[in-house]
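Below is one structure, written out as structure tokens, with a few remarks after it.
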Amino acid sequence: MCINDGGQEHRSHVLEMERRQLAMETLGLTLCESKAMLERVQEFVVARQTAENLEQRRHCQNCGERYTAKGGGTIGVKTLFGAVEVANPRWNRCSCQQDGTKTFRPTAAWLRGTTSPELLYVENKWASLIPFAKVADLLQEVLPADANHETIRRHVQATTERMDDEVPESKCFGYVQTYDEKPRRRLYELMKSQGLQDNQQVVFMSDGGEDVRRVQMYLHPSSEHWIDWFHITMRITVLQQQTKSLQGEANRAKEAAELSKRIDSIKHLLWHGNVAEALDRMSDTLLDLELIRAQSAAAEKLAAGLAEFEIYIHNNREFIPNFGERYRQGETISTAFVESTINHVVSRRFVKKQQMQWTLKGAHLLLQIRTKVLNNELEDAFRRWYPQFRPQEKVAA
């Protein structure tokens with residue numbers, strides 16, 4: 001390999017390979033050979049970069065005198081293509097410089113940490129998608145990177161803590177309610193980033209959770225707050241499935257059919273915003289279920305589900321609009337699209353089969369990095385921290 005440094009060539013022996021016979025399995029480089037080549041190329045490039053930088057900094061900017069060496073030394077830096085040793089000498093400060101310590105390390109002018117941004121970026125991106133141990137296995141398999149799942153976990157947490165201190169500008173966002181100390185600010189800044197004006201009317205739709213609604217009301221007390229139709233229909237669907245279980249019991253088909261019809265009527269009443277009548281019908285249905293629930297396991301389960309649904313509707317009665325009217329006027333009645341986003345954000349990384357035990361902090365921080373990846377904003381965050389990280393190509397006018 002050859003590097004041209006100011007007209008002077010620097011060469012290094014990188015890799016020797018031998019192929020006695022050409023076959024599909026011997027065509028080109030093997031994975032082992034490519035990893036070895038990348039590692040040696042990285043070592044050579046880093047050595048020349050740091051040597052050139054030290055030479056450029058060797059003279060005092062005030063008087064031009066050459067700094068004298070106090071001591072040598074190196075510092076290990078982990079990169080995407082292997083761990084490298086970076087020259088890290090200590091020099092005596094020039095006599096014309098009265099301020100500061102007597103000695104200094106010139107690499108401190110650019111060396112920020114001991115892990116390259118490229119490696120941090122890849123670790124964070126993949127850790128938002130698959131378990132930390134799998135990320136370590138992947139990096140070790142295809143790159144000459146020194147990967148350890150605990151180190152990756154620490155890197156991800158440090159990165160997301162840094163992101164968490166910044167103003168969020170996401171299209172989708174997430175936080176752990178019992179951990180995040182600034183959910184109101186997070187939601188407010190998110191809405192501002194999407195173009196919300198101070199005097200703009202806002203309609204919030206949620207699953208009826210009191211904690212979520214408190215955050216919304218704090219931001220816009222005069223705005224509309226509705227429970228969404230999606231969560232109501234999900235619960236009604238479960239109740240109808242329970243009536244089918246009741247129908248499967250001996251001599252319960254007629255009763256099950258009648259209960260199913262009542263649940264449909266409750267759904268119809270709620271669709272048109274007739275909450276009081278829907279609650280009365282639920283109370284009547286629960287009274288009828290009392291007569292058979294002791295002799296029927298399915299009826300007992302249906303009664304428990306209906307009682308829970310009654311409490312849910314009662315607690316959210318003032319936030320249930322006339323969904324039919326809103327639908328006819330082309331207004332939003334459901335957050336089903338949000339639920340699919342939640343599944344995309346949470347389920348892919350936090351499902352039980354991942355066999356991870358999450359702390360509140362760990363789950364919260366991983367949500368931040370995952371939403372950055374899903375919003376295609378991770379590279380932008382790294383560019384803010386490292387201005388020369390993956391420069392964006394200028395689009396020709």
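The values are calculated or read from the model by the stated rules, or taken from the named source; none is laboratory data. Everything quoted here is computed from the prediction, not taken from an experiment. Here the Cβ is made from the backbone with ideal geometry for all residues, glycine too, and neighbour counts use every protein chain on show.
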Condition check: within 30 Å of Arg162 (Cα to Cα) and either of a type outside the set (Ser, Thr, Tyr) or surrounded by 17 or more Cβ atoms within 10 Å (Cβ to Cβ) (or both). Does Ala47 satisfy that?
no
Tell me the strands (runs of 3 or more DSSP E) entirely within segment 71-111 that contain at least 1 residues that are at negative phi, touching a residue at least 40 places away in the same chain (Cβ under 8 Å) and surrounded by 17 or more Cβ atoms within 10 Å (Cβ to Cβ).
74-79, 82-87
Please find, among Glu258, Glu249, Glu224, the residue that is of a type outside the set (S, T, N, Q), assigned by TED's automatic domain parsing to the domain that holds Asn315 and either modelled with pLDDT under 85 or more than 20 Å from Lys301 (Cβ to Cβ) (or both).
Glu249
Inside segment 230-254, the number of residues satisfying the requirement of being over 19 Å from Arg317 (Cα atoms), in a helix (DSSP H, G or I) and free of Cβ contacts under 8 Å to residues at least 40 places away in the same chain is 7
Please state which of the following conditions Arg162 fails to meet, knowing it meets all the rest: (1) surrounded by 14 or more Cβ atoms within 10 Å (Cβ to Cβ); (2) in contact (Cβ under 8 Å) with a residue 60 or more places away in the chain; (3) not β-branched (Val, Ile, Thr).
(1)
Please go through segment 284-327 and pick out each residue that is assigned to a loop (DSSP other than H, G, I, E, B) and over 34 Å from the mean Cα position of the chain (by Cα).
Leu291, Ile292, Arg293, Ala294, Gln295, Ser296, Asn322
Residue tally, condition of a type in the set (D, E, K, R) and in contact (Cβ under 8 Å) with a residue 40 or more places away in the chain, over segment 285-307
1
